[in-house]
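**Student:** Please find one structure pasted underneath; my questions will follow.
The values are calculated or read from the model by the stated rules, or taken from the named source; none is laboratory data. Owing to the predicted nature of the structure, the values given are computational and were not obtained by experimental measurement. Glycine also receives a Cβ, built like all others from the backbone with ideal geometry; neighbour counts cover every protein chain displayed.
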Amino acid sequence: MRSYSIAIHGGAGTLVKGMMTPEKEASYKSALKKALLIGQNILEQKGTALEAVQRSVMALEDSPLFNAGKGSVFTANGSHEMDASIMDGQTLKAGAVSLVTGIKNPIALALDVMERTDHVFLAGAGAMDFAKHLNYQIMEDSYFYDELRHQQWIELKDTANFQLDHSQKKDNKFGTVGAVACDLQGNLAAATSTGGMTNKRFGRVGDSPMIGAGTFANNATCAVSCTGSGEYFIRGVVAYDLSCLIEYKGLSLEAAAMEVVHNRLPKLGGDGGLIAVDALGNIALPFNTEGMYRASRNNMGKVEILIYRN
Ligand code: ASP
């Protein structure tokens, strides 16, 4: 009998065992578990992969622990600019928003772009205008304030440096969130949401809202959501590259995901990871960093919530 599967991530990076307090580790795992369960319940009740990935990502956006929605990092001018995208593997329809501010759940807005417009991607003032038109509540800056992220920004403010989320040292952690799922009908979907990078230039857009770079879904191949140094994921067109390796070269999901993350991406100088699922419900969660916040429920019903390499 056909089953469903789902995987989520909360970012990859230098997540070395022992660096975090047990309490902090437990809070990350519990946030991941909660987000996974939300998607899982939708799939269990014959809901669609599209709804499952959107709802799981919304739960991660609502947590201050991850760099998306509420937990979004600070830009160079002290604001929060968020990016998100979603794709339906059955119809190949997609929606994306970039450079949005004050939106509690950017992934919901991305889905609205997909479902309520003839466009795929709305950015900046146009995306905000669309949100206002749909009566989205615009949150105060205080909603996105987080002491740790503010401190990270203060350290970089007025420099030309920018850095990935949670970094103690430069360039070592990412906190973007994402979800991929295969529902009981065998339909796939992927969603990704992020606050980007601390002290990023105002107007900088990463891979997360770019269909083919940070997000991609096609029932014929796979659904993918990426996390890592976005510039490399854009240049490597990583999510679509993975899909192409399956489509044109006939690689398995696992082999294609390994090739992209452990061979092609490092050749460009990029680090990070991704989550992917195919229409048989196989899951791959590769990363070339020390760790990646991740949780999955495979087609055999096995649930895993992991941070480190093993
Ligand atoms: N990929 C995201 C970006 O470049 C960052 C991340 O994964 O945390 O905006």
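**Student:** The conditions are (1) modelled with pLDDT of 95 or more; (2) under 20 Å from Asn187 (Cα atoms); (3) surrounded by 21 or more Cβ atoms within 10 Å (Cβ to Cβ), and Gly281 fails exactly one of them. Which is it?
**Tutor:** Every listed condition holds for Gly281 apart from (1).
**Student:** If I filter segment 44-88 down to residues being assigned to a loop (DSSP other than H, G, I, E, B) and charged (D, E, K, R), which single residue comes out as nearest to the ligand (Cβ to nearest atom)? Talk me through it step by step, then tell me what you get.
**Tutor:** The initial filter retains those residues of segment 44-88 that are assigned to a loop (DSSP other than H, G, I, E, B), namely 45-48, 62-68, 72-81.
Checking the rest, the ones that are also charged (D, E, K, R) come to 46, 62, 81.
Numbers: Lys46: 32, Asp62: 17, Glu81: 10 Å.
Among those residues, the one meeting the criterion is Glu81.
**Student:** How many residues, within segment 260-310, are within 16 Å of the chain's Cα centre (by Cα), among the basic types (Lys, Arg) and not in a strand (DSSP E or B)?
**Tutor:** Total meeting the criteria: 0.
**Student:** Then there is this: Condition first: modelled with pLDDT of 90 or more and within 16 Å of the ligand (Cβ to nearest atom). Now tell me which residues in segment 6-27 satisfy that.
**Tutor:** Ala7, Ile8, His9, Gly10, Gly11, Ala12
**Student:** A follow-up question, please. Right, Ser30: at pLDDT 95 or above, more than 15 Å from the ligand (Cβ to nearest atom) and either part of a loop (DSSP other than H, G, I, E, B) or surrounded by fewer than 24 Cβ atoms within 10 Å (Cβ to Cβ) (or both) or not?
**Tutor:** For Ser30, the condition - at pLDDT 95 or above, more than 15 Å from the ligand (Cβ to nearest atom) and either part of a loop (DSSP other than H, G, I, E, B) or surrounded by fewer than 24 Cβ atoms within 10 Å (Cβ to Cβ) (or both) - is met.
**Student:** Inside segment 150-198, can you point out the residues that are charged (D, E, K, R), at pLDDT below 80 and more than 16 Å from the ligand (Cβ to nearest atom)? Before you say what the answer is, go through the steps one by one.
**Tutor:** Here is the first cut: in segment 150-198, the ones charged (D, E, K, R) are 155, 157-158, 165, 169-171, 173, 183.
Filter again for at pLDDT below 80, leaving 155, 157-158, 165, 169-171, 173.
Across segment 150-198, the qualifying residues are Glu155, Lys157, Asp158.
**Student:** Taking Ser56 and the conditions (1) surrounded by fewer than 17 Cβ atoms within 10 Å (Cβ to Cβ); (2) touching a residue at least 60 places away in the same chain (Cβ under 8 Å), which numbered condition does it fall short on, given that it satisfies the others?
**Tutor:** If we test Ser56 against (1) surrounded by fewer than 17 Cβ atoms within 10 Å (Cβ to Cβ); (2) touching a residue at least 60 places away in the same chain (Cβ under 8 Å), just (1) comes out false.
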